[in-house]
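Enquirer: Structure provided below as structure tokens; questions to follow.
The values are calculated or read from the model by the stated rules, or taken from the named source; none is laboratory data. What you see is a predicted model; the values in this text were computed from it and never measured. Counting neighbours? That spans all protein chains shown, and the Cβs are built from the backbone with ideal geometry, glycine included.
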Amino acid sequence: MSMRDTSYAALAELEASGKAASRRAQVLRCVLYATTALSRREIARRTGLEIATVCGRVNELIHDHHLRETPHLIRCPITGKRVHGVLAVREPGQPAQGDLWEAA
């Protein structure tokens, strides 16, 4: 079995177990309750998930239009590098990222 087949098998097993959905929800919640854009490293630190897991779930959530990357670069407080931040996609009438605490 090739490495690629093994990865697909592992992903299928994760999705069947519900762990992938749970981790997607964990990442989405983290971004939803943030008051500013977060780097993937910040999401990993806040959720306790591995960076590879966070990157995979963020990419899925971007693909599904739940998250988006900032058009400008932000400085990651963990690495100091300039990276695209991650924000939640909002429907019209939903509070903006910084307004979540007031809406709760």
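Enquirer: Determine whether S2 is of a type in the set (S, T, N, Q), touching a Cys at 6+ places or on another chain (Cβ under 6 Å) and either at pLDDT 70 or above or loosely packed, with under 11 Cβ neighbours inside 10 Å (or both). Break it down into steps so the answer makes sense when it comes.
Expert: On the way: of a type in the set (S, T, N, Q): yes; touching a Cys at 6+ places or on another chain (Cβ under 6 Å): no; either at pLDDT 70 or above or loosely packed, with under 11 Cβ neighbours inside 10 Å (or both): yes.
No, not satisfied.
Enquirer: Just the residues that are loosely packed, with under 12 Cβ neighbours inside 10 Å and closer than 13 Å to Q26 by Cα, please, taken from the range 42-77.
Expert: If the condition is that a residue be loosely packed, with under 12 Cβ neighbours inside 10 Å and closer than 13 Å to Q26 by Cα, then G48, E50 are the ones that fit.
Enquirer: Residues in the range 26-59 that are of a type in the set (D, E) and under 16 Å from H84 (Cα atoms): how many? Can you show your working first?
Expert: Let us first name the residues in the range 26-59 that are of a type in the set (D, E), namely 42, 50.
So of that shortlist, the ones also under 16 Å from H84 (Cα atoms) come out as 42.
So the count comes out to 1.
Enquirer: Restricting attention to the range 76-90, report how many residues are part of a loop (DSSP other than H, G, I, E, B) and in contact with a strand residue (DSSP E or B) (Cβ under 8 Å, 6 or more places away or on another chain). Break it down stepwise before answering.
Expert: Initial filter on the range 76-90 (part of a loop (DSSP other than H, G, I, E, B)): 76-81, 89-90.
From what's left, in contact with a strand residue (DSSP E or B) (Cβ under 8 Å, 6 or more places away or on another chain): 76, 81, 89.
The total comes to 3.
Enquirer: Assigned to a loop (DSSP other than H, G, I, E, B), at pLDDT below 95 and more than 25 Å from G18 (Cα to Cα), is that true of G93?
Expert: Yes, satisfied.
Enquirer: Mind listing whichever residues of the range 61-72 are touching a strand residue (DSSP E or B) at 6+ places or on another chain (Cβ under 9 Å) and either assigned to a helix (DSSP H, G or I) or within 13 Å of H84 (Cα to Cα) (or both)?
Expert: Within the range 61-72, the subset touching a strand residue (DSSP E or B) at 6+ places or on another chain (Cβ under 9 Å) is 61-62, 66-72.
Once the filter is applied, which keeps residues that are touching a strand residue (DSSP E or B) at 6+ places or on another chain (Cβ under 9 Å) and either assigned to a helix (DSSP H, G or I) or within 13 Å of H84 (Cα to Cα) (or both), the range 61-72 yields L61, I62, L67, R68, E69, T70, P71, H72.
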